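Structure first, then comments.
The values are calculated or read from the model by the stated rules, or taken from the named source; none is laboratory data. Predicted, not measured: the structure shown is a model, and the values here were computed from it. Using ideal geometry, Cβ is built from the backbone for each residue, glycine included, and neighbour counts are taken over all protein chains shown. Just so you know, the surface numbers come from the protein's heavy atoms only, side chains and all, with ligands and any DNA or RNA stripped out. Shrake-Rupley method; radii C 1.70, N 1.55, O 1.52, S 1.80 Å.
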Amino acid sequence: MSSTTLTPPLHQGEADARIGLRDHVRHTSALVRRNLLWIRQDPESMFDAILMPIVFTLLFVYVFGGSIGQALGGGQDAYVQYVVPGMMAMMSMNIAMAVGTGFNQDFQNGIMDRFRTLPIGQGSVLFAKIVVELMRLLIATTIMMIVGVLVGFDITSWGGLLGAVGLSALFGMSIMWIFLVLGVTMKSAQSVQAMGFLVLMPLQFGSSIFAPTQSMPGWLQAFTDYNPLSSLADSARGLMVGGPVAHDIWVTVGWSALLTLVMAPIAIHKFRTKS
């Protein structure tokens, strides 16, 4: 009498381990194309990346440019040179928040449940989301720079501009992993958005993005000194208009590496085990 040996089903992590790097890249590329096609079918999903840099640049330059520019000693023109590089940090944070809300909506619609049943690397789903959002971030940054030039920003170093864009993308990618975790764990896209605003508002306005920190209260200056958005804004400012950048660049890169190393494995694990 013959016996039949049953092979137990592989745990998702074990299945992922059997998928090679080339297949992971292929799966990620296919999912990137899928996400881009979805954007093509729903162009309204690009409204935030297109309109937000226009609205915020014009708002801060023409509402606050006069008063803060005088404090900088040069009027509105001085403020344009100050705020446009700093707003790269704001773009990276705001675009990152959209990753979490969109990811949560995909779960609510059942799309992610379908992906988790396919024989693909589960991490590829998250990497594809990040690649597409980085594309959206680059579009938003490009639009912001065009508007910035139109209102008087003077690009003094094209190499510095490219370095600032790359640094902003690096930091934005690390923040995206945080919002992917929120997108997996929270019950609704509205909850992800609400939590995002609670985090973003203090970080953005308690930094050197929109105004120098010297006039802030002592306790707030202490906060801004450790705020990674201040380091990113100061790095972009130094690269684009001149000034010391080495310390701020290393701080930004360090924060980016730390957040990615901690949050990426958590996001992938939460995605694999979400019930």
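Summary of values
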| item | result |
| --- | --- |
| Sequence of R136, R40, R114 when ordered by accessible area, the most exposed leading, probe 1.4 angstrom | R40, R114, R136 |
| Where Rh is the Kirkwood radius over Cα pairs, Rg/Rh for region 128-275 | 0.99 |
| FRET efficiency for W38 and V199, using Cβ-Cβ distance with R0 set to 41 Å, rounded to 0.05 | 0.95 |
| Accessible-area ranking of W177, W38, largest first, probe 1.4 Å | W38, W177 |
| Full-stretch length increase - L220, T142 - with 0.36 nm per residue and alpha-carbon distance subtracted | 24.9 nm |
| Relative contact order computed over the chain (Cα-Cα under 8 Å; 6+ residues apart), in percent | 26 |
| Cα shape, region 146-191, gyration tensor, a/c 1.5 rule | oblate |
| Area accessible to solvent at S29, 1.4 Å probe radius, in Å² | 50 |
| Separation in nanometres of the label points that stand 7 Å from Cα toward Cβ, at V55 and K187 | 2.9 |
| Carbon and sulfur %, accessible surface of the chain computed with the full protein complex present, 1.4 Å | 66 |
| Most mobile of F127, F223, F153 in a GNM of the chain (Cα contacts under 10 Å) | F223 |
| GNM result for the chain, Cα springs below 10 Å: residue of F64, F103, F47 fluctuating most strongly | F47 |
| Sequence of Y226, Y82 from largest to smallest accessible area, 1.4 Å probe | Y226, Y82 |
| With Cα atoms, 0 to 90° folded angle of helix 189-205 axis to the chain main axis | 30 |
| Between helix 75-108 and the chain: long-axis angle, C-alpha atoms, 0 to 90°, nearest 10 | 20 |
| FRET efficiency for I155 and I111, using Cβ-Cβ distance with R0 set to 41 Å, rounded to 0.05 | 0.50 |
| Highest-fluctuation residue, V262, V184, V131 considered, GNM on the chain with Cα pairs under 10 Å | V262 |
